[in-house]
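Accompanying notes for the structure given below.
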Amino acid sequence: MTSPMLFEPKRPGSKDIAWCPGCGNFGIRNILRRVFAELNLTPQEVVIISGIGQAAKMPHYIKVNGYHTLHGRSLPIATAVKAANPKLTVIAEGGDGDMYAEGGNHFLHAIRRNPDITILIHDNQIYGLTKGQASPTTMLGMKTPTQPWGVFEEPFNPIALAIALDASFVARTFMGYFEKSAEIIKKAIQHKGLAIVDIFHPCVSFNKVNTYEWYNKHTYWMEDHDPYNREEAFKRAIETDPLPLGIFYIREKPTFEEQVTAYKKDKTPLWQRKPKLEEIKKILGMKKGF
Amino acid sequence: MVEFKEDVSIVLGGAAGQGIQTVEEILTRVLKLSGYNVYANKEYMSRVRGGINTTEIRVSSKKVRAFVRRIDILIPFKRGVLPWLQNRLSENTVVLGERENVEEEFMEKITFVEVPFNKMAKDVGSALYLNTIAAGIAVGLFRGDFEILKEYLRKRFGSKGEDVVSRNIEAAEKGYNLGVKLCEEKIIGIDVKKDERVKEEVLLSGTEAIALGAIAGGMNILTFYPMSPSTGVAVFSAQHAEEFEIIVEQTEDEIAAVNMALGAWFAGARGMVTTSGGGFALMSEALSLAGMAENPIVIHLAQRPGPATGLPTRTLQSDLNLVLYSGHGEFPRIVLAPGSIEEAFYLTATAFNLADKYQVPVIILTDQYFVDTYYNVPEFDLSALKLEKHIVETDENYKRYLLTEDGISPRGIPGYGKGVIVANGNEHDEWGDITEEEDLSRLMQEKRAIKKLITMRKDAMMPELIGSEDPRYLVISWGSTYHVVKEVLENLGREDIAFLHFKWLYPLPDAVKELLEDKVLIDIEQNVTAQFAELLKKEFGVSVDHKILKYDGRPFSVEEIFDALKGVLE
Ligand SMILES: Cc1ncc(C[n+]2csc(CCOP(=O)(O)OP(=O)(O)O)c2C)c(N)n1
Ligand code: SF4
């Protein structure tokens with residue numbers, strides 16, 4: 001095991017952390033450093049691709065490769081990074097707004113595509129960075145400055161959706177449980193195929209409903225759950241109160257990178273390859289005749 | 001007798017699904033292998049069945065690469081073709097076909113040669129052989145090499161069994177003999193010379209040239225969401241993905257396509273997207289990310305008329321402003337627009353090196369006319385290609401956005417070297433972390449939008465000047481109008497006129513200004529507002545004197561430009 005300190009950035013810009021004191025994002029950062037160390041990874045071989053939001057600032061507060069992209073766009077980018085160089089450990093991070101609202105379409109299609117990446121959704125059930133508007137996972141009835149009448153849209157259920165789409169790895173945790181969350185995130189990274197971890201964490205600044213106490217009270221850990229049983233997993237996924245935590249569903253299946261033509265014969269990462277001029281020559285030869 | 005010398009334009013017309021493409025393919029390939037220069041271009045309706053689609057094939061003693069309005073020989077496969085093409089018909093047009101496919105009112109205006117295609121086909125065994133008969137006639141008119149025609153049919157229909165092959169050959173022979181007979185009986189006279197060298201040349205479309213150029217340029221991943229007329233590049237690449245060992249991925253939308261391509265480059269691979277204006281519009285968000293994160297990317301945009309869905313299967317050069325100005329915030333880009341098939345190949349390959357070097361979006365602008373056109377070209381010189389990767393091995397202190405004099409920071413990639421790469425779409429410091437600091441924000445803006453642009457401008461390619469260095473009239477065009485303008489100038493044969501063709505549209509080198517001074521400038525573009533002329537005005541303060549614009553979704557023809565230029569010159 002390497003040291004979690006290996007992942008501590010010493011860049012001048014990473015000192016000034018923009019998260020609010022007491023925010024759950026800190027806990028996730030600590031989990032990541034620890035899990036990377038436990039998995040014996042080096043900063044050079046890990047890449048975090050993030051979208052936009054408070055959660056998405058992670059690449060600046062940890063020492064691994066990072067790309068802080070645009071709102072909702074981390075998944076197609078992360079998919080391509082892994083496809084371009086399967087040797088990298090690729091993690092996509094963002095908030096519930098980032099992944100389920102602006103990035104909703106990419107979320108659906110990432111599941112279909114099944115790249116070997118891990119998606120961590122910092123699910124605080126609110127928009128943090130833009131100061132407290134409802135997100136797709138905000139609970140019914142919650143009042144916000146922009147939903148003063150109370151949210152009436154049905155909350156998004158990412159777990160049920162992912163299982164319905166036969167996603168490769170689906171889990172939910174509450175980061176108040178540090179050890180268990182670390183264990184799940186570690187399994188998610190180790191899992192071959194797309195791993196989705198919805199991580200509840202309170203937004204101390206804008207979500208006055210879903211607090212630490214609330215999550216403690218309204219969640220429970222699934223015992224004796226068989227994650228290979230899709231029907232059981234789905235039943236658990238639609239429970240609402242208390243909300244189950246743990247690994248809901250695992251389905252081993254081929255990954256995107258395993259199936260694309262580029263790696264059928266040659267496993268060299270794409271960036272190290274040279275254009276196949278001899279194949280071009282062949283095609284041009286054919287175009288002389290018929 | 002109707003006689004054609006040097007250069008014959010054959011047009012086939014029929015409904016989508018009627019097999020015009022088969023005839024076109026047989027004809028162009030067999031005639032090319034017989035030693036004739038060929039050119040083909042099609043126009044089609046945005047529908048899968050029915051409607052009227054036409055293909056123009058020019059067969060010539062010398063290289064022909066431009067669209068002509070004139071129709072010398074027309075083969076209509078259904079009623080309605082002649083009315084659709086009526087502006088292109090003359091008494092010199094020979095119509096070969098069934099009587100029932102020629103509307104009464106045209107009988108006076110054309111030379112009609114009745115060919116009972118259907119009956120001939122049924123004699124062979126089925127109406128299905130009609131296409132082969134038609135192709136046979138055309139090959140026969142040129143005394144094309146019948147052995148090659150036979151070989152072609154064997155290859156094409158071989159998988160369908162010996163009977164199908166022999167019947168096709170029989171059909172072709174019937175057609176061929178009839179074609180020869182029409183010449184011998186002096187009903188049609190054709191005098192086009194063969195050139196042995198043509199046999200060794202390559203028959204390639206704009207679409208194929210772009211795709212092959214991209215492969216030659218080291219493209220590892222092609223992402224796309226289908227949209228006419230750009231999809232062909234994806235189809236061709238997908239068909240050959242295995243040989244090239246590349247990834248071709250159809251994404252959920254253009255937003256995903258462009259972001260994937262960005263991800264590929266970030267990780268050190270080379271990604272391209274192929275799209276059209278509507279798809280590019282969706283990509284403008286990611287274009288800004290490329291600008292801010294200094295993420296290289298290559299985008300092929302095959303234009304069609306807009307706004308919105310516009311004319312999906314037709315042609316225009318109206319997305320120049322879109323690619324020049326799309327994206328929020330200020331950042332430079334490179335815009336290229338090949339004029340010929342050769343240029344499409346080499347320029348697309350080069351686009352990848354440029355994107356890599358300057359870490360900017362490089363956009364290749366083509367259009368429907370260009371991608372759907374093909375002709376014979378000398379085989380490409382692959383040894384002339386250079387793969388210029390500008391990736392550096394990082395050290396522990398690597399700074400992704402190091403401030404440099406030329407505005408270009410050495411680009412590292414994840415997993416290569418001891419450093420970590422932090423790329424960022426937010427304003428950032430040299431390491432890539434978010435900053436809101438005044439001085440840094442200013443320096444970074446200047447780095448991206450000014451210093452880098454100056455460097456790019458220095459290296460930018462000059463336009464091609466054809467003709468006199470000091471002409472009275474200077475014709476300006478860009479992209480796909482290259483050959484049609486060139487042919488017109490050859491036809492005009494005047495000393496006082498020259499042609500400046502731009503394949504590198506942005507940024508423009510400073511030296512272009514001198515070329516534009518003290519001349520009567522004639523701008524030729526396929527859009528309604530003369531977008532390129534506007535760009536020249538913005539960049540160099542020059543105004544063009546005459547604009548020749550076309551924007552009905554059809555390509556410029558040689559005749560149209562000839563007439564328009566004559567009008568200006570007189
Ligand atoms: C295209 C676009 N639309 C809107 C925004 C503004 N915006 C920034 S973050 C955000 C939502 C963030 O919420 P969430 O994803 O839940 O992340 P959190 O801040 O809670 O971690 C929005 C709407 C943006 N940056 N880009
Ligand atoms: S706004 Fe909320 S989620 Fe964001 S850092 Fe602050 S407390 Fe955390």
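Can you tell me what share of the DSSP beta bridges in the protein assembly as shown is antiparallel? A percent to the nearest 5 is fine.
Working: 33 of 118 bridges.
Here the share of antiparallel DSSP bridges comes out near 30 percent.
Kindly sort B:S318, A:S14 by accessible area of their heavy atoms, largest first, with the probe set to 1.4 Å.
Numbers: B:S318 30, A:S14 10 Å².
Final ranking, largest accessible area leading: B:S318, A:S14.
Once you have the Cα-Cα distance between B:A449 and B:E464, take 0.36 nm times their residue separation minus that, and quote the gain in nm to one decimal.
Fully extending the segment from B:A449 to B:E464 adds 2.7 nm.
So how far, in whole Å, is the C-alpha centre of the stretch A:58-117 from the one of the stretch A:204-257?
Distance between centres, Cα-based: 21 Å.
Just to verify a number: FRET efficiency for B:V520 and B:S441, C-beta to C-beta distance, R0 = 45 Å, to 0.05? Show your work: numbers first, answer last.
Values: r = 46 Å, r/R0 = 1.03.
Approximately 0.45, to the nearest 0.05.
How many nm separate the modelled label positions at B:E388 and B:K186, each set 7 Å beyond the Cα in the direction of the Cβ?
In this crude spin-label approximation the distance works out to 6.2 nm.
Have a look at A:P202, A:P254, A:P158 and tell me which one the Gaussian network model of chain A (Cα, springs below 10 Å) gives the largest fluctuation.
Answer for the Gaussian network model of chain A: A:P254.
At what distance in angstrom do the alpha carbon centres of the stretch B:414-473 and the stretch B:11-42 lie from each other?
The distance from the Cα centre of the stretch B:414-473 to that of the stretch B:11-42 comes to 46 Å.
Starting from the Cα-Cα distance between B:Y551 and B:W84, subtract it from 0.36 nm times their residue separation and give me the gain in nm to one decimal. If you can, show how the numbers build up before the last one.
Working: separation 467, 0.36 × 467 = 168.12 nm, distance 1.83 nm.
So the chain would gain 166.3 nm between B:Y551 and B:W84.
Nearest 10 degrees, 0 to 90: what angle lies between the long axis of helix A:178-190 and the longest principal axis of chain A (Cα atoms)?
Tilt of helix A:178-190: around 20 degrees.
Per residue, how much accessible area does the stretch A:188-268 show when a 1.4 Å probe rolls over the protein heavy atoms, in square angstrom? If you can, show how the numbers build up before the last one.
Values: 4180 Å² over 81 residues.
Counting only protein heavy atoms, the per-residue value for the stretch A:188-268 is 52 Å².
Assuming R0 = 60 Å, what is the FRET efficiency of A:K282 and A:D226, from their Cβ-Cβ distance, to the nearest 0.05?
On the way: r = 52 Å, r/R0 = 0.87.
E between A:K282 and A:D226, to the nearest 0.05, is 0.70.
For the Cα atoms of chain A, what angle does the longest principal axis make with the long axis of helix A:277-286, in degrees from 0 to 90, nearest 10?
With both axes taken from Cα atoms, the answer is about 60 degrees.
In nanometres, what is the gap between the two model label sites at B:D563 and A:L6, each 7 Å from Cα along Cα-to-Cβ?
Label at B:D563, label at A:L6, 7.5 nm between them.
For A:R251, list long-range residues whose amide hydrogen, built 1.01 Å from N in the peptide plane, is under 5 Å from its own amide hydrogen.
Placed amide hydrogens put A:F169 under 5 Å from A:R251.
So for chain B: antiparallel DSSP bridges make up what percent, rounded to the nearest 5? If you can, show how the numbers build up before the last one.
Working: 28 of 81 bridges.
That works out to approximately 35 percent antiparallel.
For B:S159 and B:E200 in one chain, what is 0.36 nm times their gap in residues minus the Cα-Cα distance, to one decimal in nm? Write down the numbers at each step before the final one.
Working: separation 41, 0.36 × 41 = 14.76 nm, distance 2.66 nm.
Residue separation times 0.36 nm, minus the Cα-Cα distance, leaves 12.1 nm.
As an exercise, use a Förster radius of 35 Å and the Cβ-Cβ distance of B:K109 and B:L492 to find the FRET efficiency, rounded to the nearest 0.05. Don't jump to the answer; show the numbers that get you there.
Working: r = 28 Å, r/R0 = 0.81.
Working from the Cβ atoms, E equals 0.75.
If you count only protein heavy atoms and use a 1.4 Å probe, how large is the accessible surface of B:T132, to the nearest 10 Å²?
Approximately 10 Å² for this residue.
Please enumerate, by chain and number, the lysines with C-alpha under 17 Å from the C-alpha of B:K63, excluding those fewer than 8 residues away in the same chain.
A:K288, B:K5, B:K32, B:K193, B:K194, B:K199, B:K486
Using Cα atoms only, what is the angle between the long axis of helix B:130-141 and the major principal axis of chain B, expressed in degrees (0 to 90) to the nearest 10?
The two axes meet at around 80 degrees.
Taking the Cα centre of each part, how many Å lie between the stretch B:229-278 and the stretch B:314-353?
Each part reduced to its Cα centre gives a spacing of 16 Å.
Which loop GluC sites (Glu not before Pro) in the stretch B:144-190, with loop taken from DSSP, have no more than 14 other Cβ atoms within 10 angstrom of their Cβ? Mind showing how you got there, number by number?
Values: sites: B:E147, B:E151, B:E162, B:E170, B:E173, B:E184, B:E185; in loops: B:E185.
Qualifying residues, ordered by number: B:E185.
The values are calculated or read from the model by the stated rules, or taken from the named source; none is laboratory data. Since we're looking at a predicted model, the values are computed, not measured. A quick note on method: Cβ atoms are made from the backbone with ideal geometry, for glycine too, and the neighbour counts reach across all protein chains shown. We work out accessible area using only protein heavy atoms, side chains counted, and drop any ligands, DNA or RNA first. Shrake-Rupley method; radii C 1.70, N 1.55, O 1.52, S 1.80 Å.
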